[in-house]
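Novice: Handing you a structure now.
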Amino acid sequence: MHGRRGFLAGAGALGSVPLAARAQARRQDARADAPRTLRYPFEIAETTFDPAAIQDGYSRQITGHIFEAPLEYDYYARPARLVPCTLAALPEASADFRSFTLRLRPGILFADDPAFGGQPRELVAADYVYAWKRLYDPRWKSPMLFQLEPSRLLGLDELRQQALKSRTPFDYDRPVDGLRALDRYTLQIRLAEPAPRFVFLLADASIFGAVAREVVERYGDRIGEHPVGTGPFRLLSWKRSSRIVLERNPRYRERRWDFAIAPELLAAQPLLARDARALRGRRLPLVDRVEVGIIEEGQPRWLSFSQGEQDLMRVPNEMATLIAPGRRLAPFLAQRGVRLNRTPMADVVLSYFNMEHPLVGGYTPEKVALRRAVSLAFDRAEFARAIFNDSAVRAQSPLAPGTFGYDPALRSALGESNLARAKALLDTFGYLDRDGDGWRETPQGEPLVLEMSASPSQLDRKQNEQMRRFLTAVGVRIEFRIAQWPELLKQSLAGKLMMWGFSWQLGEPDSDLLFGMAYGPNREQSNDARFALPEYDRLYEAQRRLPDGPERLALLQQMTRLLAAYMPYLLYLHRVRLDVAQPWVAGYARNPFTEVCWHLIDVDPAARAAVA
């Protein structure tokens, strides 16, 4: 989805800390009064902690632990199952899926903040009304508004348009039929059209969590530095692009670890049964602190984990053959009690072409041919082997594993790799090497030089070399524009990049978000390609109104064929995520649809110190 110097500033920092000092730190952790601390590395820096302005997955992982949505996923259930979070029960939906009534559980409190004047602040229905209206407020330029706009909450788009046209502040106090607090604890949502899967949005705390109006009004444009929610943690300290520390929210209501673990999870990770016996009945969150450091390169992250300085880690792609050769945990790690978690993800790794760029954009046959040739030249099997250690499956459509309509047997033009066809397509449409220098020119005889944007990370450099090699094989030159992730995200939303690659991680068992990447009105939000095709837009809007079934699936398949015909996106792979956990970590298992799990995980300081 939509992704970033830590308390370890890179490989050099590891060498600068004596082993004896690290051992002493672990012994101090084992004191009876020491806080239970979960340490976790990010590979890309965060951007902001304001739910209305957020898009990247790393920042959302933080806000998902600070704010709370009405619903959440039963973390250890398979298949995915929604359960109440701040609600007393699941939402009441009308038969036509145009109206939803949500009833909050009384007594839930926000974390303390000066904005509340020293008084406890209870969560009420009006907080969700305010928080979701902020997504429509032009002031915040929310990149995630596309999640709500297609559902057409009655009156909200009109309220937004009024603010835009009059250039006046957004009127939060004006009632709208689509989003109302019926009383202190009851919230009603009304839509212009049926939305059978709308409830999935109500489980995304990172964006749709409750926000208190007093906090936003106190901090204004600096609200992204002051996230205040009802979740299990609160922000203790933040050094941008370096270190983020969360601490237990003292106001968090009493909740206990009381989960049933799905049989398929127990089959894959038998030790979870032992964890469950040890954790059952304990109050959440299980840890007192979470320390997140940004370590951009894979090798320093791995060294930090191997020396016991990280408790959990997503296996860096470039280290996978060492940590999990053949996708099995290396014997030397198994002997240490390290656990490997292997999870097929509901995501897609992709690149896009800016459809408004004069070189790669446009809808004429020669422009389409260029994009399709690049897709055909891209060797997805080699990419999966070289970059992901074969821990990925080839993407054939936006339908992701674990979502409605996904068919592992599907084969489509979106997933095809064929060097000979790529060359023939370029030849046919006039992309020829006219001057004999080994590189093709455009049909007009001008230089053909593609530009892919990328971060300076080692992984991106390796991916760039793969792309260069694939395109060199068909005589197409490509150059790389290097910048940090937050800057690339900003430029992409503004339409200033020719090409860029990233991944989208789904937060629900449905691929609507991935199809929405090509929906015209999502331009400047999730539609980085700025693809605009009326036929596609009509199909997208129609499928959103339908319940899951053959009729909806047929529309999704038509949309897939249109994406293959125009190729605004290069779909590469669906990843199989590998994570490792230290032997002193209990309760960890990745959920494909949510990253909100730190409050469910325990860290044993004494066990950590014992390996010092």
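Novice: What list of ³J(HN,Hα) values in whole Hz, one per residue of region 351-367 in order, does the Karplus curve 6.51 cos²θ - 1.76 cosθ + 1.60 (θ = phi - 60°) give from phi, with Gly and Pro shown as x?
Specialist: Per residue, the Karplus-derived 3J(HN,Hα) values read 10, 10, 9, 6, 5, 9, 7, x, 8, 9, x, x, 10, 6, x, 5, 6 Hz.
Novice: How much of the DSSP bridge set in region 347-575 is antiparallel, in percent, rounded to the nearest 5? Walk me through the numbers on the way to the answer.
Specialist: On the way: 15 of 24 bridges.
Roughly 60 percent of the DSSP beta bridges within region 347-575 come out antiparallel.
Novice: Then there's this: Could you go through region 129-135 in sequence order and give the Karplus-derived ³J(HN,Hα) for each residue, using 6.51 cos²θ - 1.76 cosθ + 1.60 with θ = phi - 60°, rounded to whole Hz, and x for Gly and Pro?
Specialist: 4, 5, 4, 6, 5, 4, 5
Novice: Output wanted: per-residue J couplings in Hz (rounded whole) for region 313-326, from phi through Karplus 6.51 cos²θ - 1.76 cosθ + 1.60, θ = phi - 60°, x for Gly and Pro.
Specialist: Coupling constants for region 313-326: 7, 6, 5, x, 4, 6, 10, 5, 5, 7, 7, 9, x, x Hz.
Novice: Kindly rank 572-581, 152-161, 346-355 from highest to lowest mean number of other beta carbons found within 10 Å of each residue.
Specialist: Descending packing order for the listed peptides: 346-355, 572-581, 152-161.
Novice: Tell me which residues come under 5 Å, amide H to amide H, from ARG253 once H is placed; ignore anything under 5 positions away on its chain.
Specialist: HN-HN under 5 Å from ARG253: LEU109.
Novice: Dipole magnitude of region 71-229 about its Cα centre, charges +1 at Lys/Arg Cβ and -1 at Asp/Glu Cβ only, in debye to the nearest 20?
Specialist: Roughly 240 debye for region 71-229.
Novice: Could you list which residues have their amide H under 5 Å from that of PHE233, counting only those 5 or more apart in sequence or on another chain, with H placed in the peptide plane?
Specialist: Under 5 Å from the amide H of PHE233: ASN249.
Novice: Among TRP584, TRP439, what is the fewest-to-most ranking by other Cβ atoms within 10 Å? List each step's numbers first, then the result.
Specialist: On the way: TRP584 19, TRP439 16.
With the sparsest Cβ surroundings first, the list reads TRP439, TRP584.
Novice: Once amide H atoms are built 1.01 Å from N in the peptide plane, which residues 5 or more positions from GLU441, or in another chain, come under 5 Å H to H?
Specialist: Long-range HN contacts for GLU441: LEU432, ASP433, ARG434.
Novice: How large is the charge dipole for region 59-126, taken about the Cα centre, if only the Cβ atoms of Lys, Arg (+1) and Asp, Glu (-1) carry charge, to the nearest 20 debye?
Specialist: So the magnitude is around 180 debye.
Novice: Just going by the charge dipole of region 230-286, with Lys and Arg at +1 and Asp and Glu at -1 on Cβ, which of ALA278, ILE261, LEU236 is farthest out on the positive end?
Specialist: The residue sitting farthest along the positive end of the dipole is LEU236.
Novice: While we're on this one: Using the basic label-point model (7 angstrom from Cα toward the beta carbon), what is the ARG283 to LYS490 distance in nanometres?
Specialist: Placing both labels 7 Å along Cα→Cβ, they lie 4.3 nm apart.
Novice: Still on this structure: Over region 347-575, what is the relative contact order in percent, taking alpha-carbon pairs closer than 8 angstrom and at least six residues apart?
Specialist: 33 percent.
Novice: Which net charge results when you count Lys and Arg as +1 and Asp and Glu as -1 among the other residues whose beta-carbon is under 13 Å from that of VAL211?
Specialist: Neighbour charge sum, excluding VAL211 itself: -2.
Novice: Let me ask something else about it. Please work out how much length the chain gains when fully extended from LEU271 to GLU382, using 0.36 nm per residue of separation minus the C-alpha to C-alpha distance, in nm with one decimal.
Specialist: Taking LEU271 through GLU382 to full extension adds about 36.5 nm, to one decimal.
Novice: Continuing with this model, one more query. Given charges of +1 on the Cβ of Lys and Arg and -1 on the Cβ of Asp and Glu, with all other atoms neutral, how large is the dipole of the chain about its Cα centre, in debye to the nearest 20?
Specialist: 1320 debye
Novice: Determine the shape class of region 71-229: with a ≥ b ≥ c the square roots of the Cα gyration tensor eigenvalues, call it rounded for a/c under 1.5, and otherwise prolate if a/b is greater than b/c, oblate otherwise.
Specialist: Oblate is the answer for region 71-229, as a/c is 1.5 or above yet b/c matches or exceeds a/b.
Novice: Which of LYS141/LYS367; LYS165/LYS496; LYS165/LYS239; LYS133/LYS367 have a Cα-Cα distance over 29 Å?
Specialist: Long pairs (Cα-Cα over 29 Å): LYS141/LYS367; LYS165/LYS239; LYS133/LYS367.
Computed from the coordinates by the stated procedures, all read-outs in this text should not be read as laboratory data. For clarity, every value in this text was computed on a predicted model and none was experimentally measured. In this analysis, Cβ positions are derived from the backbone assuming ideal geometry, glycine residues included, and neighbour counts consider all displayed protein chains.
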